[in-house]
Amino acid sequence: MNAHTRTRSRRGRTLAREAAREDRRTALRLLLARADRGALTREDAAHLRTLAEAEIAECDTFRRSASGQQSAALRLNRRIDAAEQAMREIEVERDEYAAEAEALRAAAGKGEQ
């Protein structure tokens with residue numbers, strides 16, 4: 001199976017994103033270690049900024065996505081609550097109609113005697 005085929009599937013894209021993120025974090029750790037030792041070159045500093053900006057952008061994207069999913073879940077929960085309330089109301093109505101029908105049957109039964 002080639003790389004092109006693997007990245008067409010959702011799982012393949014997820015694995016590719018995870019690998020890129022892990023590579024970026026490994027490079028960040030290396031550059032931060034160099035910064036701790038005072039051995040950061042200008043190129044390293046520029047690379048560090050690029051990696052940090054990419055990490056921030058990805059976190060923002062995932063945060064927005066999670067927020068959207070949370071909003072969708074809340075909407076679904078409200079719909080479920082409304083449906084359950086409607087079912088309770090319908091069941092009460094059904095019971096009232098059943099009692100009314102039973103009363104009518106009882107009255108009709110007494111009238112036949």
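The values are calculated or read from the model by the stated rules, or taken from the named source; none is laboratory data. Quick caveat, the model's predicted, so the values are computed rather than measured. Using ideal geometry, Cβ is built from the backbone for each residue, glycine included, and neighbour counts are taken over all protein chains shown. Accessible surface areas use protein heavy atoms only, side chains included; no ligands, DNA or RNA. Shrake-Rupley method; radii C 1.70, N 1.55, O 1.52, S 1.80 Å.
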Checklist entry - Just how large is the dipole of the chain about the Cα centre, in debye to the nearest 20, putting +1 at every Lys and Arg Cβ and -1 at every Asp and Glu Cβ? => result 1180 debye
Checklist outcome for this item: Quick shape check on region 50-92: root eigenvalues a ≥ b ≥ c of the Cα gyration tensor, a/c under 1.5 is rounded, otherwise prolate if a/b tops b/c, else oblate, and it reads prolate
Checklist outcome for this item: Regression test value, accessible area per residue of the chain, probe 1.4 Å, units Å², expected 84 Å²
Checklist outcome for this item: In degrees rounded to 10, the 0-90 angle between helix 42-112 Cα long axis and the longest Cα principal axis of the chain is 10 degrees
